[in-house]
1. Ala28: more than 17 Å from Val67 (Cβ to Cβ) and modelled with pLDDT of 95 or more, yes or no?
2. Could you list, ordered by first residue, the pairs with Cβ atoms under 7 Å in which the first is in the stretch 8-25 and more than 10 Å from Cys84 (Cβ to Cβ) and the second is surrounded by fewer than 24 Cβ atoms within 10 Å (Cβ to Cβ) and of a type in the set (Phe, Trp, Tyr), at least 6 apart or interchain?
3. For residues that are surrounded by 16 or more Cβ atoms within 10 Å (Cβ to Cβ), in contact (Cβ under 8 Å) with a residue 12 or more places away in the chain and of a type in the set (Val, Ile, Thr), tally how many sit in the stretch 26-51.
4. Under the condition of being outside any strand (DSSP E or B) and hydrophobic (A, V, I, L, M, F, W, C), which residue from the stretch 1-14 is surrounded by the most Cβ atoms within 10 Å (Cβ to Cβ)?
5. Any idea how many residues of the stretch 63-87 are surrounded by fewer than 17 Cβ atoms within 10 Å (Cβ to Cβ) and either small (Gly, Ala, Ser) or outside any helix (DSSP H, G or I) (or both)?
6. How many residues are assigned to a loop (DSSP other than H, G, I, E, B), of a type in the set (Asp, Glu) and in contact with a strand residue (DSSP E or B) (Cβ under 8 Å, 6 or more places away or on another chain) if we restrict to the stretch 15-57?
7. Please work out which one of (1) over 15 Å from the mean Cα position of the chain (by Cα); (2) modelled with pLDDT under 90 is the condition Asp85 fails and give its number.
8. Is it fair to say Gln54 is in contact with a Gly (Cβ under 9 Å, 6 or more places away or on another chain) and either without any contact (Cβ under 8 Å) to a residue 12 or more places away in the chain or polar (S, T, N, Q) (or both)?
Amino acid sequence: MIRKRILFVCIHNSARSQMAEALVNHLAGDRFVAESAGLEPGTLNPLAVEALKQIGIDISGKETRDVFALHAQGQTYDYVVTVCDGANGERCPVFPGSGKRLHWGFPDPSALKGSYEERLQGTIAIRNEIQARVETWLKEVQ
């Protein structure tokens, strides 16, 4: 079976797109190959790493990637999903080429305020939103 390729894109590729990539690969790696990239690759958000670790997914070794570098390499995808929130929607990159384009807006964990524990709980809530959206979508594309 040929697995479909999906790219998750956001601004920094530090949390939302990384979590979505990891969740698709974890839940449906037999059907999909998920990747992620950003407009301005930053550093991996430790809160996203911890939020996924709590459900048994380790992304601690992942690096952020540049969406333009993937395009320059000639990468193609069956689906390109932007995960930027409304505040950054106009900055959310578009990946050129073929593929069905989807937008799933999620809050940015890097914008969370408060103590470490409060920010972690907020990131876990965002992870749960992403996971619910991924699970719904996976049922839709069977």
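1. yes
2. Val24/Phe32
3. 1
4. Taking the candidates together, the pick is Ile11.
5. 12
6. So the answer is 0.
7. (1)
8. Taking the combined requirement at face value, the residue does not satisfy it.
The values are calculated or read from the model by the stated rules, or taken from the named source; none is laboratory data. Bear in mind the structure is a predicted one, so any value in this text is a computation, not a measurement. Positions of Cβ are generated from backbone atoms using ideal geometry, with glycine treated the same way; all protein chains shown enter the neighbour counts.
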